[in-house]
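Take a look at the structure set out below.
The values are calculated or read from the model by the stated rules, or taken from the named source; none is laboratory data. Here the structure is a predicted model, which is why all the values come from computation and not from measurement. FYI the Cβ positions are ideal-geometry reconstructions off the backbone, even for glycines, and counts take in every protein chain you see. In case anyone asks, the SASA skips ligands and DNA or RNA and just uses the protein heavy atoms, side chains included. Shrake-Rupley method; radii C 1.70, N 1.55, O 1.52, S 1.80 Å.
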Amino acid sequence: EAGVAQSPRYKIIEKRQSVAFWCNPISGHATLYWYQQILGQGPKLLIQFQNNGVVDDSQLPKDRFSAERLKGVDSTLKIQPAKLEDSAVYLCASSSGGHGTGELFFGEGSRLTVL
Amino acid sequence: AQKVTQAQTEISVVEKEDVTLDCVYETRDTTYYLFWYKQPPSGELVFLIRRNSFDEQNEISGRYSWNFQKSTSSFNFTITASQVVDSAVYFCALSVIYNTDKLIFGTGTRLQVFP
């Protein structure tokens, strides 16, 4: 079974530029998550989708971050314009969802460096 | 508010030593879930265990064991006879009943096992 796929693995941009990350979850997983992991910290949930609807985006900085999951499968996370403090690893995860097992399957992450 | 504290930032041991990773949580909810995830150098987090707040039984899985004590709000993780492959960052996490898949992570403990 293929795992959660993310791209790109690494991205370096200058502040005020934009960037987009892509995630393809495990086939059949209804729930998809984007987490931000700043160096030395634990992952923080940015947004949670159930199929193509948003369950929780309370910690998403909506003035600069956006995410979509149009067909309930893959997802894109965009940052525009980027700030220095956005330097982090962006982790995508998926789960079969619905009954809250808490067993999330994570991708390897996309590491963003903002200069 | 919910919070997870992992006071140990980094632990180094020699192979075959036993090691315990501490986790203390805070929540006002009576129903909640606790988790441990492992993050190897490749970056993806791997689910290890889930415990619900009504189940205080300790669990053992091979060289891994978990000690859940509600009285001290702790959910500690012990690796017996550590191996080099155990080297990773370990995260403790918490979720609550109204969104059991929304994980609140601690800051992680980096375990280095030397041969």
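Net charge dipole, the protein assembly as shown: roughly 680 debye, given to the nearest 20, about the Cα centre with Cβ charges of +1 for Lys and Arg and -1 for Asp and Glu. I'd like the carbon and sulfur percentage of the solvent accessible area for the protein assembly as shown, probe radius 1.4 Å, heavy atoms only, ligands and nucleic acids excluded. Answer for the protein assembly as shown: carbon and sulfur cover 49 percent of the accessible area.
Grab the other residues whose beta carbon is less than 12 angstrom from that of residue B:101, score K and R as +1, D and E as -1, and report the net. That sum, taken over residues with Cβ under 12 Å, equals 0.
For chain B, a simple Cβ point-charge model (Lys and Arg +1, Asp and Glu -1, everything else neutral) yields a dipole of about 200 debye relative to the Cα centre. Taking every protein chain into account, the accessible area of chain A amounts to 50 square angstrom per residue (probe 1.4 Å). When peptides A:34-40, A:66-72 are sorted by average Cβ neighbour count within 10 Å, with the highest value leading, the order is A:34-40, A:66-72.
Working note: Karplus 6.51/-1.76/1.60 with θ = phi - 60° gives the range A:73-82 the couplings 10, 7, 9, 10, 10, 10, 10, 7, x, 6 Hz, where Gly and Pro are set to x. Each principal axis of the Cα atoms in the range B:13-85 has its own extent, and those three values, largest first, are 38, 25, 18 angstrom. Farthest towards the positive end of the charge dipole of chain B, among the residues B:112, B:7, B:96, is the Cα of B:96, using unit charges on the Cβ of Lys, Arg, Asp and Glu.
Find the centroid of the Cα atoms in the range B:72-115 and in the range A:27-106, then give the distance between the two in whole Å. Measuring centre to centre over Cα atoms gives 21 Å.
Whole-percent P(r), the protein assembly as shown, all Cα pairs, 10 Å bins from 0: 8, 32, 35, 20, 5, 0. When the protein assembly as shown is described by a simple charge dipole with +1 on each Lys and Arg Cβ and -1 on each Asp and Glu Cβ, the residue from A:34, A:79, B:34 located farthest towards its positive end is A:79.
Buried surface for the B/A pair, taken as the accessible area of each chain alone minus that of the pair with a 1.4 Å probe, is close to 1600 Å² in total. For chain B, the per residue solvent-accessible surface stands at 48 Å², with DNA, RNA and ligands left out and a 1.4 Å probe. Around the Cα centre of chain A, unit charges on the Cβ atoms of Lys, Arg, Asp and Glu (plus for the first two, minus for the last two) sum to a dipole of about 400 debye.
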